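Just below is one structure, and these are the notes that go with it.
The values are calculated or read from the model by the stated rules, or taken from the named source; none is laboratory data. Just so it is clear, the structure is predicted and the values come from calculations on it, not from any experiment. Cβ coordinates were reconstructed from backbone atoms using ideal geometry, including for glycine residues, and neighbour counts include every protein chain displayed. Only protein heavy atoms, including side chains, enter the accessible area calculation; ligands, DNA and RNA are left aside. Shrake-Rupley method; radii C 1.70, N 1.55, O 1.52, S 1.80 Å.
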Amino acid sequence: MAATQHVRSFNRTVTQRIGVLQDEYLARGRPLGASRVLWEVGEGPVDVRLLRARLDLDSGYLSRLLRALEGEGLVVVEPGAADGRVRTVRLTDAGRAERAVLDRESDALADSLLAPLGAAQRERLVAAMATVERLLTAGLVRVAVEDPRSAAARFCLDAYAAELDATFAGGFDPARSRPVDPAALTPPAGLLLIARLHGEPVASGALRLPPGEPAEIKRLWVAPHARGLGVGRRVLAELEAHARRAGADAVRLDTNRALRAATALYRSSGYVEVAPFNDEPYADHWFEKRLAHG
């Protein structure tokens, strides 16, 4: 309860201090939501669906904001160039000019937050803001089972392979690695978890559930810009939870010596190194973890 009250107090202070309570954010004649949409469109054009996911806005509310911005002559909403069924939004010349004004006014507001403080206080505040931003961002990540044949799955698996190819001394050839067939990642044979941030895939992890054998985790990957948010540990824990619910008593995985961060994650998560249990040519370490059943 005390933690909840601290969060509520923090929210009240911040919303007042940055002007969220005002009808016209930064005295520009529109609320914060509309100004944020204008800023987020950037150079555009941006898919309206992606914009809604980035800002976590209700589709009806976003439509009202876009209509208001169109009425000001700041944006144009039109069919996408590649697919007429997709709506996109872009800034007009007036919109780009207004966005530049918002940038200047936002900088001035940020400076006004820091100006009354001493040097040491400013450093503490900026460091605390960075920590809060990182933790709040971590809370926005959504992890769910997805179709291993989806575009998001292909994106994550391709990014995983590309990163290994750049990391391993001899490169990485998926054709040489033990295959991960989509059919083997479709329940009940297995599954694929995708983690999304602002609607975009930032991590993945696969789970194989061979009957009568320990479950096996494969293709655990986190996008570089999402590292440090605890996403990898969260995906790993959720894969273990799925394995436990499927009745597995243990879960296994293998990894390469070059993947030091991954190896450290597994060890700190309770995985114990065991004898090789497969013929993965890229593996240097094999791990197993016993799963407790309550």
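A Cβ distance below 8 Å, combined with a sequence gap of six or more or placement on separate chains, defines the contacts here; from the stretch 162-173, residues that are farther than 17 Å from Pro224 by Cβ and of a type outside the set (A, V, I, L, M) reach no residue that is open to solvent by 60 Å² or more (accessible area, probe 1.4 Å) and assigned to a loop (DSSP other than H, G, I, E, B). If I ask for residues that are open to solvent by 60 Å² or more (accessible area, probe 1.4 Å) and in a helix (DSSP H, G or I), which ones from the stretch 133-161 would you list? Listed by number, the residues that qualify are Glu133, Arg134, Leu135, Leu136, Leu140, Ala151, Arg154, Phe155, Asp158. Could you please let me know if Arg245 is closer than 30 Å to Thr131 by Cα, surrounded by fewer than 21 Cβ atoms within 10 Å (Cβ to Cβ) and of a type in the set (Lys, Arg)? No, not satisfied. The condition (being surrounded by fewer than 11 Cβ atoms within 10 Å (Cβ to Cβ), on the phi < 0 side of the Ramachandran plot and not in a helix (DSSP H, G or I)) is satisfied by just one residue among Pro179, Pro174: Pro179. Restricting the stretch 104-132 to residues that are of a type in the set (S, T, N, Q) and either closer than 26 Å to Arg28 by Cβ or open to solvent by less than 60 Å² (accessible area, probe 1.4 Å) (or both), which is nearest to the chain's Cα centre (by Cα)? The selected residue is Thr131.
Hey, among Val126, Val180, Val143, which residue is touching a helix residue (DSSP H, G or I) at 6+ places or on another chain (Cβ under 7 Å) and either under 30 Å from His242 (Cα atoms) or among the β-branched types (Val, Ile, Thr) (or both)?
Testing whether each residue is touching a helix residue (DSSP H, G or I) at 6+ places or on another chain (Cβ under 7 Å) and either under 30 Å from His242 (Cα atoms) or among the β-branched types (Val, Ile, Thr) (or both) leaves just Val143.
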